[in-house]
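The values are calculated or read from the model by the stated rules, or taken from the named source; none is laboratory data. No experiment lies behind these values; they were computed from the predicted model shown. Cβ atoms come from the backbone with ideal geometry, glycine included; neighbour counts cover every protein chain shown. Accessible surface areas use protein heavy atoms only, side chains included; no ligands, DNA or RNA. Shrake-Rupley method; radii C 1.70, N 1.55, O 1.52, S 1.80 Å.
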Amino acid sequence: MSSPQALTPEEKLADAKELLGLPRIVVICGSTRFMADMNEADLRETGARRIVVKPGCDMKSPHALWADPAEAAALKVRLDSLHRAKIRLADEVLVVGDYIGDSTRAEIAYARSLGRPVRFTHPEVDPDA
């Protein structure tokens, strides 16, 4: 008789979300040039009873937190890491916008490597289509 396999952290998280009865969690990805579109997508996803996480900073808009170039570079690294954590937490990814840059392309590849379904507001920009 074989012993049961230990659950992976991902399996434990999925089990916990199911036990808690949590709605699906959607992470919004895309260029921050589409922040207004992300906000609209957030409203629609929330209205569909999904928990939404998305970028919290638009570094293309001026702000004291990233006015210094060295601070901005360090913050970008931290935000990229935080967004990957949001992707790990989420059940699916929604890519917003009609343009896919290098960062978003990397997020899509990361999500797919984790087996997360990826939806697009503009399916024609799917790098794997």
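Kindly indicate whether any position in segment 33-54 is within 11 Å of the chain's Cα centre (by Cα), within 23 Å of Glu124 (Cβ to Cβ) and at pLDDT 95 or above. First the steps, then the outcome.
Narrowing segment 33-54 to residues within 11 Å of the chain's Cα centre (by Cα): 52-54.
Checking which are within 23 Å of Glu124 (Cβ to Cβ) leaves us with 54.
From the residues that got through so far, the ones that are at pLDDT 95 or above too are 54.
Yes, the conditions are met somewhere in segment 33-54.
Is it the case that Ser61 is more than 26 Å from Ala129 (Cβ to Cβ), open to solvent by 80 Å² or more (accessible area, probe 1.4 Å), modelled with pLDDT under 95 and among the hydroxyl-bearing types (Ser, Thr, Tyr)?
On the way: more than 26 Å from Ala129 (Cβ to Cβ): yes; open to solvent by 80 Å² or more (accessible area, probe 1.4 Å): no; modelled with pLDDT under 95: yes; among the hydroxyl-bearing types (Ser, Thr, Tyr): yes.
It is false that Ser61 is more than 26 Å from Ala129 (Cβ to Cβ), open to solvent by 80 Å² or more (accessible area, probe 1.4 Å), modelled with pLDDT under 95 and among the hydroxyl-bearing types (Ser, Thr, Tyr).
Can you name the condition, by its number, that Lys76 falls short on among (1) open to solvent by 50 Å² or more (accessible area, probe 1.4 Å); (2) in a loop (DSSP other than H, G, I, E, B)?
(2)
Output the residues belonging to segment 18-57 that are without any contact (Cβ under 8 Å) to a residue 40 or more places away in the chain, assigned to a helix (DSSP H, G or I) and open to solvent by less than 60 Å² (accessible area, probe 1.4 Å). Full working, then the answer.
We begin by selecting, within segment 18-57, every residue without any contact (Cβ under 8 Å) to a residue 40 or more places away in the chain; these are 18-23, 32, 35-36, 39-40, 42-44, 46-57.
Within this subset, residues satisfying the condition of being assigned to a helix (DSSP H, G or I) are 18-19, 32, 35-36, 39-40, 42-44, 46-47.
Thr32, Met35, Asp42 - these are the residues of segment 18-57 that are without any contact (Cβ under 8 Å) to a residue 40 or more places away in the chain, assigned to a helix (DSSP H, G or I) and open to solvent by less than 60 Å² (accessible area, probe 1.4 Å).
Mind telling me which of the residues Asp102, Asp98 ends up being among the acidic types (Asp, Glu) and surrounded by 13 or more Cβ atoms within 10 Å (Cβ to Cβ)? Working first, answer last.
On the way: Asp102 fails: surrounded by 13 or more Cβ atoms within 10 Å (Cβ to Cβ).
Selected residue: Asp98, the only one of Asp102, Asp98 that is among the acidic types (Asp, Glu) and surrounded by 13 or more Cβ atoms within 10 Å (Cβ to Cβ).
Of the conditions (1) open to solvent by 60 Å² or more (accessible area, probe 1.4 Å); (2) part of a helix (DSSP H, G or I), Ala129 clears all except one; give me its number.
(2)
So which of Arg84, Arg88, Arg105 ends up being part of a helix (DSSP H, G or I), more than 18 Å from Ser31 (Cβ to Cβ), of a type outside the set (A, V, I, L, M, F, W, C) and under 17 Å from the mean Cα position of the chain (by Cα)? Lay out the reasoning, then the answer.
Details: Arg84 fails: more than 18 Å from Ser31 (Cβ to Cβ); Arg105 fails: more than 18 Å from Ser31 (Cβ to Cβ).
After applying the criteria, what remains is Arg88.
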